[in-house]
């Protein structure tokens with residue numbers, strides 16, 4: 001067996017080991033309820049889990065808790081007990097799981113990476129919340145205080161400046177956009193997006209840097225880099241966006 005064959009064989013065994021481990025873990029809550037661990041000479045489900053599957057106390061306790069929490073959500077419950085999805089990923093969505101979003105969340109955990117799932121849950125929890133702190137350097141802070149002491153309404157002053165900025169961006173985005181000559185977004189458009197969104201992901205609840213410009217209108221159909229339909233996103237929100245696009249296309253096929 002050469003190096004390549006050895007590595008591929010090890011990886012194959014590893015993947016199968018993870019699959020079987022998830023399935024083993026998923027059965028533990030029911031084995032515990034039926035006290036089947038006693039048939040193998042074990043004094044507790046903890047001993048059974050450790051002896052026959054190398055499952056830690058923490059993993060076992062998490063699995064039993066999840067199994068109880070997912071009783072009202074049959075799709076997520078099924079993914080746990082069959083080992084379709086890891087307990088670590090399922091643990092990320094348990095705090096927002098309801099009978100109403102059961103099917104949707106089961107599809108999400110099945111198809112998204114763990115980091116993307118974490119991001120989605122965070123967005124769900126903190127939608128509408130914004131940080132209320134501003135980082136002002138001493139010079140700007142001093143000038144604003146000076147103006148305020150003179151009786152000038154600095155809120156109105158800042159509001160006018162912000163409105164002017166938004167108007168300038170809106171004018172630039174209103175310029176007609178012709179068919180694209182290449183797949184990469186033009187530098188001029190990238191600069192406009194940076195002017196509007198800065199260096200961060202354009203999702204309001206996200207503080208991560210943007211790493212990709214997402215076409216909210218599928219580029220293969222529009223063949224345009226229209227800044228009105230472009231969004232700088234972090235890796236996780238880009239994954240979420242493509243998942244949403246896929247679900248929309250699937251729904252359209254059903255109509």
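All of the numbers you see were taken from the coordinates with simple rules; none came from a lab. Bear in mind the structure is a predicted one, so any value in this text is a computation, not a measurement. Positions of Cβ are generated from backbone atoms using ideal geometry, with glycine treated the same way; all protein chains shown enter the neighbour counts.
Packing, taken as the mean count of other beta carbons within 10 Å per residue, orders the peptides 159-169, 55-65 from highest to lowest as 55-65, 159-169.
Direction-averaged projected area, Cα convex hull, the chain: 23.9 nm², rounded to one decimal.
Full extension of the segment from residue 52 to residue 21, taken as 0.36 nm per residue of separation minus the current Cα-Cα distance, would add 10.1 nm. The packing ranking, built from the mean of other Cβ atoms within 10 Å per residue, places the peptides 150-156, 105-111 in the order 105-111, 150-156, highest first. Think of it as helices only: each DSSP H run of n ≥ 4 in the chain is worth -39500 (n - 2.57), and spread over all residues that comes to -20000 deg cm²/dmol at 222 nm. Note on residue 144/residue 208: beta-carbon distance plugged into 1/(1 + (r/R0)^6) with R0 of 25 Å gives a FRET efficiency of 0.25.
Under the criterion of Cα pairs below 8 Å and six or more residues apart, the relative contact order for the chain equals 13 percent. Sorting the segments 86-94, 2-10, 197-205 by their mean number of nearby beta carbons within 10 angstrom, highest to lowest, gives 86-94, 197-205, 2-10.
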